[in-house]
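FYI, it's all coordinate maths here, none of it is from the lab. Since this is a predicted model, take the numbers as computed values, not measurements. All Cβ positions, glycine included, derive from the backbone under ideal geometry; neighbour counts span all protein chains shown.
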Amino acid sequence: MSRLTEQREKLRLTQGELSTKSGISLRTIQRIESGQTPKGFTLKALAHALEVDESYFEEKEISDENQNTLKWNKIINLSTLPFICFPPLNILIPLALVLWKKQQNPANKQLLSIQIIWTLIGIVLFIVVLILNDWFGVESNLKMLIPIVWIGTNAFIIIRNSLVLGKGNSNCILPNINML
């Protein structure tokens, strides 16, 4: 529900009555209630007719923008989950989303940094498993445990960060790594 609709209903006005009171066409009021942002004379006239400050409408726009950013932060973070077993894709898919949706914000940079670091750790662990196998003849169960723990920990980090982002808090993304 738009801020205009909320305030209009609070004052118990119909769209037609608001149109008459503000001097704004009924069609313009319908457009604003469906999501368009009022500007200029329309903004002033509606604010006066609804007995609110002009910033009343601007606050909602900022809030909607923040909600959209948080939604995309969560989607970008979760886009890594299907690709945690395929390290290049756990970086490329979220990166493509960030660029495509123009969501280059600190939270997404941090989420991408986590995946870059995590991929580098995966490469090092793979090399360690090969060395352990060649030098020490490590049992195959231990060799399989290392990638399983690596993938499981990455999945835990992704899900945990999605829950934090779902609560609208992009300042609590862990681990706190930012290299972009």
So, with points 7 Å from each Cα along the Cβ direction, the Arg12-Leu120 label distance in nm works out to 6.5 nm
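Given charges of +1 on the Cβ of Lys and Arg and -1 on the Cβ of Asp and Glu, with all other atoms neutral, how large is the dipole of the chain about its Cα centre, in debye to the nearest 20?
Numbers: 18 positive and 14 negative charges, 58 e Å.
That gives the chain a dipole magnitude of about 280 debye.
Based on DSSP H runs of at least 4 residues, each adding -39500 (n - 2.57), what is the mean residue ellipticity at 222 nm of the chain after dividing by all its residues, to the nearest 500 deg cm²/dmol? Display every interim value, and only then the final one.
Details: 8 runs with 124 residues, N = 180.
Helices in the chain give a 222 nm mean residue ellipticity of -22500 deg cm²/dmol.
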Projected onto the charge dipole of the chain (unit charges on the beta-carbon of Lys, Arg, Asp and Glu, signs +1, +1, -1, -1), the Cα from Pro147, Cys172, Thr14 with the largest positive-side position is that of Thr14
Rounded to the nearest 0.05, FRET efficiency between Leu163 and Val52 (Cβ-Cβ, R0 35 Å) equals 0.50
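May I ask for the longest run of the chain untouched by GluC sites (Glu not before Pro) that are loop-located per DSSP and have at most 16 neighbouring C-beta atoms (other than their own) within 10 Å? Spell out each step's value before the answer.
Values: sites that count: Glu51, Glu54, Glu139.
Formally, the longest exposed-site-free interval is 55-138.
Once the other residues with Cβ under 12 Å from the Cβ of Arg8 are scored (Lys, Arg +1; Asp, Glu -1), what is the net sum? Before the final figure, lay out the partial values.
Values: positive: Arg3, Lys10, Arg12, Lys21; negative: Glu6, Glu9, Glu17, Glu33, Glu51.
Overall, the nearby charge balance is -1.
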Residues Trp72, Trp118 in order from fewest to most other beta-carbon atoms within 10 Å are Trp72, Trp118
So for the stretch 3-52, using the alpha carbon gyration tensor with a ≥ b ≥ c as root eigenvalues (a/c under 1.5 gives rounded; past that, a/b versus b/c decides prolate or oblate), I'd call it rounded
Among (1) 75, 43, 25; (2) 51, 48, 34; (3) 85, 25, 24, the value of Cα extents along the principal axes in Å computed for this structure carries the label (3)
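Counting pairs on different chains as well as pairs 8 or more places apart, how many Lys pairs in the stretch 7-104 have Cα atoms under 14 Å apart? Each step should come with its number before you reach the end.
Numbers: Lys21/Lys44; Lys39/Lys60; Lys71/Lys101; Lys71/Lys102; Lys74/Lys101.
Counting lysine pairs in the stretch 7-104 gives 5.
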In nanometres, the difference between 0.36 nm per residue of separation and the alpha-carbon distance of Leu92 and Asn176 is 28.2 nm
So the compactness index of the stretch 65-172, its C-alpha Rg divided by 2.2 N^0.38 Å, takes the value 1.23
In the neighbourhood of Ile24 defined by beta carbon distances under 11 Å, the net charge of the other residues (Lys, Arg +1; Asp, Glu -1) is +4
